[in-house]
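All remarks here apply to the structure that follows.
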Amino acid sequence: MEEDTEHKLPPWTLPTVFVVLLLLLYLLPHKPTEAMEIHQAITEALRAGNNWGRQALVGNTDYPALQSLCLLVCEAVATPIRLSGPRLMCALTQAWMLTIFVRILLHTGHLKLAWLPILLSAVLPVIRDVLLSLDPNWIAAVPAAEILYHLVLWKETKNLRSMIVASACCGILCLCGLAGLFTGCATAILLYIIAKKDLAEQGSPTSGLRTLLWSTAAYSIFIWLLWNWLVMDDVFFGLRDLFARLPSISRKGFNLILITPNPLSVIILLFLAPLVILCLKSDKKEASQCLIVQVVLLLAVAALSRCIQIPATAVWPLVIVDILSTVTLASICTLPHKVSRETTLASLIIIILASFRIASSFTHGSIVALAPGGLPPREELTAFIDQFWPQSRTMLYGLKLPAAYPDPLEKRFVARLDFQQDDLLKQETDEQLHILIPPPNGKYYPKDNSPLADIYVNGRDWLILEKQWPSGCQLWRVVPPPQNESKLKFLQ
Amino acid sequence: MPQPPPNKICDLTTHDSSAPLSPRGFPQATLTLCAWQKWFLIGAVTALLLWAVFDYRSELLVVNFILTVFYLLTTLYRMLIIELALRKPREMSFTKAEISRPPNGKKWPKYMVILPMYKEGDVLPNLIRGLQKLDYPKDRLEIRLLIEEDDEETLAVADKLDLKPPFKVVRIPKSYPRTKPKACNVGIEDGDADYLVIYDAEDQTEPDQLKKAAHAFAKCPPNVACIQAKLGYYNPTFNLLTRCFTAEYATWFGLCLPGLDCLQAPIPLGGTSNHFRLNVLRQVGGWDEYNVTEDCDLGLRLFSQGWRTRILESTTWEQACPSVPYWIKQRSRWVKGYVQTYCIHTRDLLNFHRKLGFWNSLQFHLLIGGTFISQLVNPLYWIMTLLWLFVRPAGLDQFFPTSIFAMGSFCLFVGNFIFVYTSAIACVRRGVGELAKYSLLMPFYWMMMSIAAWKGFLQLFSNPHHWEKTKHFADPNATAKSS
């Protein structure tokens, strides 16, 4: 019989757990990630009122708005008290996520197992490694964990509030990048199915549930599109980069990536097995169903991301949530007599240990990626330009490139999210400009269907290539020729 | 030993009073603004004008900052109320078994039902039929129809119906002011009952509401003077207006009032289905005859004198006004009344704050002041939002520096959604889930609310005591939902 231990404990228990975890996690030696560097560049630009900051905040799916906004808030809180905003953000989100799992275990009367999520996070290499990454995408872990908690509550109380909060969490997840979007939308659909079935069994009315449980996710998508329209004058701007990359996917390539062993797929596939058992046999089958759907979608998003060379935003934090959720569900569920919970839990721990032994043979490059390489150092670039054009500024397009040369005041570098030829030529009439274009390898912009890739290969009649670095980076000078005097056109 | 409160609580007068205090001692709405309020208003307007002349940019920036903070607080307060209403519902509910016997095993308490009516003869037969279904011992019940003595139309219908006890027709003598609260005060003068409830002419109440209220009073501590039952509409699907109106009522009675109940905050009473301890009602002086939302005023007066109000899980079904012009009239009266009530209770501001304490005072300002201020100011921000979205005029940015922009964006993108979403939640919880999708249209409904608010606000200065009577339509198709 489950009992509500949470309410028998002193009311300060969970806050204490949270604060202790927060302090510990803040003090851990986190490793910086590319995502954090880019989000920091975005927030720095936003604070400086830089236009690229606003564009980058909304106009992409790889470095989503919610992460940047939370980082902005954390930096605003942390800086006056001489703390690090990024570390505070990671510590807050990780501590919050772990506290939710502790809370689930306490709430369901498993006092002795309450330490399990924390212990697993500290001991198991993959969870520990991911926890140590200074990644703003940890923000996605909080709503994901809250969904599980509220599903557990719903199972017990059938209080509509649980479903409403879970649905709100789905809406928040939708703002956390592609992985969040897919899992958020799928979970919102599942919530509706679960709520409708349970309420119908009770004989309670179910009308309006669909509006109630789907509108948060729909609203999140709507405001993201609205922001795109407001900032970029294009409702679907944030998806353009993704759309431009999609044609490069072949089914064969996607399948190959899907089946190629990598830490993520190994872990995910290993965790599907216990989830399926939980889903079929336990009393927590609704939560297990949600997790199965999330796990499969995460696998697909991870494969897609690798396929089209975009970062697997928030995939790792969500996978960690799913691992901890599986363990938590296995700890609290009631299984048929023949299979005791202890046996399931023990086998699950064996699976976890085995999986991490396998996983440890892989490198975790996808978790902690350092700053983009292959670009000329800032000093070298400016020194080269200053030889002949000391007043010239360099245009940088996209997200990663401007983040590599942060200049919120636009003294030497002018950042733009999208390439607009007319604007560039108009600006060129006032000042001398250069453009830095990295090689079209899919890292900084899509290989195909991108004007930058086209410029890299074919140039333009108003551009002169001034230098190409060994890494392939090109520096072009903007020189619009007088009308009908283009040498390039003549040669063509 | 304290004297029992007198039964007689109002005088029949031949003229409107101009005294700021009621004969029963409480501040009444004869005076819209007291002296210091007038001077404060004049001073504030003058200062704003002068500031605008010298430096309108800094003025707009400061005003924008204040209004944005106000919106943010209102949004956060709304979130708190809704969260509490959902997390730990505190409405008093009773099972059929519980109300099958009198509270404390004694006799059922004496109950008085009052129904102020004016020119509502066409709905009277329906009303009587509904009241006859009330499940309460007839020897412990008195139902008073308060009809103005010159309302020949309603009196004629009442005579024709040949009403027998527990019904009683009380002719309200012609006296001033001629308002609903005046009729109520006269109507309860000679009554002998433990509890009293007021209903409107078109109300269709759940038959066991009186029993539930009697049990609620018995269960509550003695400082609970009022039990507010929930109100709902029986014609929600009549047209788009009634759908939105129903969604709004579902939010107010299904989420906001229970949330306020959780916070033990001052509760502005709804127009009907307020159950009172009759002696307490007389002790606090009954209703303010000059206030056009006398119910809201009474709720706050009870609170400021230490009495508390609780919410009862029982519904009275009313008719949602299906006509836009009549709806605007009704709403303008409500807003006018809220402004009146706000001004009355802040006449002695320091004493009021001392009585209520900081938190309750803040809630009063957010709830009563916040309601009409936001409705009046909203159009300004809608226009600015539309300009920002579609015209993007140069210079608008300077009034939205980072901090204001951040708060404003939160209110625009999150706050508005929360207000819309809570309507959807309320619809589902109140059993009118089919209206949840119409909650998405609430922003258009808010526009109408602002139009009505401005009408009411302007009328406050031109005709402060004019009572825009709610029109009740005798709709033969409207049927009350079964409880």
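The values are calculated or read from the model by the stated rules, or taken from the named source; none is laboratory data. Bear in mind that the values here come from a model prediction, so they are computed numbers and not experimental data. Note: ideal-geometry Cβ built from the backbone for every residue, glycine included; neighbour counts use all protein chains shown. Side chains are part of the model used for accessible areas, which takes the heavy atoms of the whole protein and leaves out ligands, DNA and RNA. Shrake-Rupley method; radii C 1.70, N 1.55, O 1.52, S 1.80 Å.
How big is the C-alpha Rg of the range A:1-131 next to the rule-of-thumb value 2.2 N^0.38 Å, as a ratio?
Normalised Rg, Cα atoms only: 1.26.
Semi-axes of the equivalent ellipsoid of chain B: what are they in whole Å, largest first, if each equals the square root of 5 times a C-alpha gyration tensor eigenvalue?
Calculated on Cα positions only, the semi-axes equal 38, 26, 22 Å.
Post the alpha-carbon centroid distance, the range A:132-154 to the range A:394-408, in whole angstrom.
32
If you place +1 on the Cβ of every Lys and Arg and -1 on the Cβ of every Asp and Glu, how big does the dipole about the Cα centre of the protein assembly as shown come out, in debye to the nearest 20?
Value, rounded to 20: 1800 debye.
Non-local amide H neighbours of A:D234 (under 5 Å, H modeled in plane, Pro and chain starts lacking H): which ones?
For A:D234, the qualifying residues are A:W229.
Quantify how much of the Cα-Cα distance distribution of chain A extends past 40 Å, in percent.
27
Would you kindly find the accessible area of A:V327, with a 1.4 Å probe and non-protein molecules such as ligands, DNA and RNA excluded, rounding to the nearest 10 Å²?
10
Report, in order of residue number, the helices in chain A meeting two criteria: a C-alpha extent of 18 Å or more along the helix axis, and a mean Kyte-Doolittle hydropathy of at least -0.5; treat each whole DSSP H run as one helix.
Qualifying helices, which must be both long enough and hydrophobic enough, are A:13-27, A:34-47, A:65-78, A:85-107, A:141-157, A:160-173, A:178-202, A:209-232, A:263-281, A:285-307, A:315-332, A:341-359.
Can you give the local net charge around A:I249? Use residues other than it whose beta-carbon is closer than 12 angstrom to its beta-carbon, Lys and Arg +1, Asp and Glu -1.
Here the charged neighbours net out to +4.
Give the accessible area for B:S304 in Å² (nearest 10); use a 1.4 Å probe, count only protein heavy atoms, and leave out ligands, DNA and RNA.
20
Looking at A:W476, A:L401, A:I435, which one has the Cα that reaches farthest to the positive end of the dipole of the range A:378-491 (charges on Cβ: Lys, Arg +1; Asp, Glu -1)?
A:L401
Under the rule of at least 5 residues apart or a separate chain, name every residue whose amide H is placed under 5 Å from the amide H of B:I172.
Amide H neighbours of B:I172: B:I147, B:E148, B:E149.
Which positions within the range A:197-215 get 40 Å² or more of their accessible surface covered by the other protein chains, compared to the chain by itself, with a 1.4 angstrom probe?
At a threshold of 40 Å² (probe 1.4 Å), the residues of the range A:197-215 that become less exposed are A:S207, A:T211, A:L212.
What is the percent of Cα-Cα separations in the protein assembly as shown that go past 55 Å?
Here the tail beyond 55 Å accounts for 28 percent of pairs.
Under the rule of -39500 (n - 2.57) per DSSP H run of 4 or more residues, summed and divided by the residues of chain A, what mean residue ellipticity at 222 nm is obtained, to the nearest 500 deg cm²/dmol?
-20000 deg cm²/dmol
Got a sec? Charge dipole of chain B, +1 on Cβ for Lys and Arg, -1 for Asp and Glu; which of B:L127, B:P393, B:L350 is way out at the positive end?
The residue sitting farthest along the positive end of the dipole is B:L350.
Please list, in order along the range B:174-189, the HN-Hα scalar couplings obtained from phi with the Karplus expression 6.51 cos²θ - 1.76 cosθ + 1.60 (θ = phi - 60°), rounded to whole Hz, x for Gly and Pro.
Working through the residues one at a time gives 5, 8, 10, x, 9, 10, 4, x, 5, 4, 5, 4, 5, x, 9, 4 Hz.
Less than 12 Å Cβ to Cβ from B:P258, Lys/Arg counted +1 and Asp/Glu -1: what total charge do the surrounding residues give?
Here the count lands on +3.
Among A:Y444, A:L465, A:F388, flag the residue with its Cα farthest along the positive direction of the charge dipole of the range A:378-491, charges on Cβ as +1 for Lys/Arg and -1 for Asp/Glu.
A:Y444
Add +1 for every Lys or Arg and -1 for every Asp or Glu among the other residues with Cβ under 14 Å from the Cβ of B:M442, and state the total.
Within the 14 Å Cβ shell, the charges total +2.
With the cut-off at 19 Å, report for the range A:378-491 the share of all Cα pairs above it, as a whole percent.
44
Can you work out D for the range B:332-483 in µm² s⁻¹ from Stokes-Einstein, where Rh is the Kirkwood radius over C-alpha pairs, the temperature is 10 °C and the viscosity is 1.306 mPa s?
In µm²/s, the coefficient rounds to 85.
Name the residues whose placed amide hydrogens come within less than 5 Å of the amide hydrogen of A:S133, ignoring near sequence neighbours (fewer than 5 apart) on the same chain.
A:K31
Per residue, how much space in cubic angstrom lies within the convex hull of the C-alpha atoms of the range B:24-128?
So the per-residue hull volume is 296 Å³.
Placing +1 at every Lys and Arg Cβ and -1 at every Asp and Glu Cβ, with all other atoms neutral, what dipole size does the range B:87-233 have around its Cα centre, in debye to the nearest 20?
The calculation lands at about 980 debye.
If you build the Cα gyration tensor of the range A:38-79 and take the root of 5 times each eigenvalue, what three semi-axes come out, in whole angstrom, biggest first?
Those come to 16, 12, 7 Å.
Suppose we keep just the DSSP beta bridges with both residues in the protein assembly as shown; what percent of those would be antiparallel, to 5?
Antiparallel bridges: around 35 percent, rounded to the nearest 5.
Please state the charge dipole magnitude for the range A:378-491, taken about the Cα centre, from unit charges on C-beta atoms (+1 on K and R, -1 on D and E), reported in debye and rounded to the nearest 20.
280
Once the whole set of protein chains is in place, how much accessible area is left on A:H150, using a 1.4 Å probe, in Å² to the nearest 10?
The accessible area comes out at roughly 10 Å².
Would you kindly derive the ³J(HN,Hα) couplings of the range B:142-147 from the backbone phi angles with the Karplus curve 6.51 cos²θ - 1.76 cosθ + 1.60 (θ = phi - 60°), listing them in order in whole Hz, with x for Gly and Pro?
9, 10, 9, 8, 8, 10
Is the range A:59-99 rounded, prolate or oblate when judged by the Cα gyration tensor, a ≥ b ≥ c being the square roots of its eigenvalues, rounded requiring a/c under 1.5 and prolate requiring a/b larger than b/c?
oblate
Taking every DSSP beta bridge that has both residues in chain B, what percent is antiparallel when rounded to the nearest 5?
That works out to approximately 25 percent antiparallel.
Expressed as a fraction of 2.2 N^0.38 Å, the rule-of-thumb size for a compact globular protein of N residues, what is the C-alpha radius of gyration of the range B:168-287?
Dividing the Cα radius of gyration by 2.2 N^0.38 Å gives 1.18.
What are the trypsin sites (Lys or Arg not before Pro) within the range B:158-263 that DSSP puts in a loop, where the Cβ has at most 13 other Cβ atoms within 10 Å?
B:K174
Which percent, nearest 5, of DSSP beta bridges in the range A:378-491 are antiparallel?
55
Read phi for every residue in the range B:305-313 and hand back ³J(HN,Hα) as whole Hz from Karplus 6.51 cos²θ - 1.76 cosθ + 1.60, θ = phi - 60°, with x for Gly and Pro.
9, x, 8, 10, 10, 10, 9, 9, 7
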